[in-house]
Structure formats: C-alpha cells, structure tokens
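S.K.: What follows is a single structure, and I will ask about it in a moment.
The values are calculated or read from the model by the stated rules, or taken from the named source; none is laboratory data. Please read all numbers here as calculations on a predicted model, not as lab measurements. Cβ placement follows ideal geometry from the backbone for every residue including glycine, while neighbour counts extend to all protein chains displayed. To get the accessible areas, we keep the full protein, side chains included, count just its heavy atoms, and leave off ligands, DNA and RNA. Shrake-Rupley method; radii C 1.70, N 1.55, O 1.52, S 1.80 Å.
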Amino acid sequence: MPARTRAAKPVPGPTMVERAYEYLLTQLMSLSIAPGERIAIDTVARQLGISQTPVREAMSQLEAEKLVFKMPNVGYRASPQMTRDEVRDLYTLRQLIEPYAAARAAEAMTDASIAILEAIDRDMSSVVAGDARAYSRFAEADAKLHRLIATGSGNRLIEEAIDRLHAHLHIFRALYATNAPNEAAEEHRKIIDALVAHDPAAAEQAVRYHLERSQMRMDRVLAETTPTTD
Ligand SMILES: [Zn+2]
C-alpha cells in the first residue's frame, strides 16, 4: 500500500518528557487531578507506558511552575488552589507591570512579533469551552500572548518578574469549565489589535481592562469554592 510506505517515514514526535508533561498538565488543568491530590510517579509511568525517569523530569518542571510540590516521604502532590488573598496580590502586581509593558511592546512591534501575534490569535479562536485539551491549548496561547508583551517591554527585569508568576497556569486551573475562554478571547482580541496598530495607549488600556475582568472571574469562582473569612 503506497500510503503506508509514505507514513513509515519517521516523523520526530514529542519526547517522553514532553508527553509526560502534557499529560500531567492537562490532568491538572482539567482538575482530573484535584488540588492537593497525591500524584504517584509509578502510576503515571504505567498509564503512559513509559519509564519513571521522564515522569520525574516532567514533575520537576511542574514543581518549578508551582503546580505540584514535593513532600518528604510522601512524594508529589498537586498544589492547592490559590486563596482569594493570594489571587488579589497576584493581580495587584500584574496591574502594576503589565499595562506598562504592553504600551512599550506596542511601540516596539516588529513584523516578526506581529506574525507571532497572528498565530496566537488563530490558536485562541479555535478553543471550545469545557474541552480539556482545547482548554490547555488556550492556556498555552494566553501564556504566549502575555510573554510576548513581557518580552516586548524591552526590560529584562519586567520579563523575568512576569515569567516567574506563572499566572496563566494557576488562573486557568481555577477557571476550568467556566465560560472564561470566550470572555477572555474578546479581551485578548482588543490587546492584539492595539499591539498590531502600534498604539501604546490602547494597548495599556486593553491590558488593564483584561486584568480587571480576569480578576473578577477568578474572584467569582473562588467565592463559590472557598469558605469566606470576611
Ligand atoms: Zn490573558
């Protein structure tokens, strides 16, 4: 069969570590692994039909992103959901940095970064709410957009500060299965339009609005899932 001969040509697939990472990230994002739940490395390795070494490596990556944490004599657990206070602090910091970064990025837009923005825009438009795999794709595109803004600021300290927050991962884990992707997609569109138009004031405004809305969505979800102390 000619088709099979063509298909036999080796195509480089994802590495074992990437497979393990993608798998665990999707489980964490879709809450199939609940916040605080124990994650057994040998079980994950068995489920994927791979050895424990790449799973361990994927775990270290997720640990650096604060999505899992290691406990002595217990192993790994999924991180607890952020508290309302932690979320408030996170957005306060983002509001101080990201609108400024967006304004600088809009001024510095190149043809290459516009091409990246268009690719991000396409990825985001293809997401259907509630689908776990599509959802983690959306989170990835969101991370790329915010990283492009951070890099575009031309300030390496700002870039590192935003990167270290890993905000997109935690936010998307909390907002899974809400209508957030649809709402956020519209806000992202405004940011992208302003960046492409080299309009610093509009970019700053669009990011500020997006962060305000995003914080409100988070707060709504957390109000339903965590006991209030006030
Ligand atoms: Zn966003």
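S.K.: Quick one: SER153 ticks every box in (1) of a type outside the set (Phe, Trp, Tyr); (2) closer than 16 Å to ALA108 by Cα; (3) open to solvent by 20 Å² or more (accessible area, probe 1.4 Å) bar one, so which box is it?
M.R.: (3)
S.K.: Which one is farthest from LYS190 (Cα to Cα) among residues in segment 209-225 that are open to solvent by 50 Å² or more (accessible area, probe 1.4 Å) and of a type in the set (Ser, Thr, Tyr)?
M.R.: This residue is THR225.
S.K.: Additional query: With modelled with pLDDT of 95 or more and either outside the structural domain of ALA40 (by TED's automatic domain parsing) or not in a helix (DSSP H, G or I) (or both) as the only criterion, which of ALA134, ALA112, ALA119, ALA101 stands out?
M.R.: On the way: ALA134 fails: modelled with pLDDT of 95 or more; ALA112 fails: modelled with pLDDT of 95 or more; ALA119 fails: modelled with pLDDT of 95 or more.
Residue meeting the stated conditions: ALA101.
S.K.: So HIS166 clears everything in (1) open to solvent by less than 60 Å² (accessible area, probe 1.4 Å); (2) touching a helix residue (DSSP H, G or I) at 6+ places or on another chain (Cβ under 8 Å); (3) more than 10 Å from the ligand (Cβ to nearest atom) except one condition, right? Which one?
M.R.: All conditions are met except number (2).
S.K.: Considering only segment 75-98, how many residues are among the hydroxyl-bearing types (Ser, Thr, Tyr), in a helix (DSSP H, G or I) and open to solvent by 50 Å² or more (accessible area, probe 1.4 Å)? Give the steps one after another, and end with the answer.
M.R.: So in segment 75-98, the residues among the hydroxyl-bearing types (Ser, Thr, Tyr) come out as 76, 79, 83, 91-92.
Applying the additional criterion that residues be in a helix (DSSP H, G or I) yields 91-92.
This time we only want the ones that are open to solvent by 50 Å² or more (accessible area, probe 1.4 Å), so: 92.
Summing the residues that are among the hydroxyl-bearing types (Ser, Thr, Tyr), in a helix (DSSP H, G or I) and open to solvent by 50 Å² or more (accessible area, probe 1.4 Å) in segment 75-98 gives 1.
S.K.: OK, next. Being at pLDDT below 90 and part of a helix (DSSP H, G or I) is the filter here; which residues of segment 179-210 pass it? Before the answer, list the steps.
M.R.: Narrowing segment 179-210 to residues at pLDDT below 90: 179-186.
Residues satisfying the conditions are ALA180, PRO181, ASN182, GLU183, ALA184, ALA185, GLU186.
S.K.: Can I ask one more? Collect the residues in segment 84-96 that are among the hydrophobic types (A, V, I, L, M, F, W, C) and under 21 Å from LEU175 (Cβ atoms), keeping them in residue-number order.
M.R.: Taking segment 84-96 as the starting set, the residues that turn out to be among the hydrophobic types (A, V, I, L, M, F, W, C) are 87, 90, 93, 96.
Passing the criteria: VAL87, LEU90, LEU93.
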